[in-house]
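Read through the structure below, which is laid out as structure tokens, and then see the notes.
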């Protein structure tokens, strides 16, 4: 009984570590400030000569907007080709007018007005496909957890399909996370749907082993939980009061392993 209680306590302690790590990573998806990519994008996009409206330099406007949006941690601004940048810039011009778009391009993302945020969301939803930001969303999360890539290569495509038409909301979530530590719901749902159960199991096994369980015990507890825990479950467990149901699952799994 004592050994069962010890395993249960250690597994629960490991869950707390996993919860904290996953919540942080889901919020920032790696939180990279890709200054190199941003500089490349600025250099490339500001030379764009195509205009969407009159004398408006939609590509130049977009370079500033994309640079700010990339700092939400969801992508590097260098990932966008000139056509996509021009589309984003042109959409913002349509929403705010040329002067308003220029002001937004120069402003810090944290200072965006509600109209500017709405313009950004519309521009990304209309111009940026899910497949363009999915690779960095996934790689940032996995690299942050100390894993090079998903066990299933189809995950990136799955995430891209899930966020298709919602890339603006992804950026909005990233900006909100920077400002208030809000959890990015769409990002979490995309991982819930697309993340292979084996990867959740591997994450838990690693945490359980580091908490003091033997490798055999850690493997046993993680395997017993396979398919029962999602990324959103782990984040929810980190909320005030935790998630008693999840804690009960971990306790039951730990007590069943020798």
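Here, each number is a calculation from the coordinates, and none is a lab measurement. The structure displayed is predicted, hence computed values, not measured ones. Here the Cβ positions follow ideal geometry from the backbone for every residue, glycine too, while neighbour counts run over all protein chains shown.
Counting neighbouring Cβ atoms within 10 Å and putting the fewest first, the residues 214, 84, 136, 167 line up as 214, 84, 136, 167. The residues 195, 183, 104, when put in order of fewest to most other Cβ atoms within 10 Å, stand as 183, 195, 104. Taking a ≥ b ≥ c as the square roots of the eigenvalues of the alpha-carbon gyration tensor, the range 178-223 is classed oblate because a/c is 1.5 or more while a/b is no larger than b/c. Residues 153, 252, 95, ranked from the fewest to the most other C-beta atoms within 10 Å, line up as 153, 252, 95.
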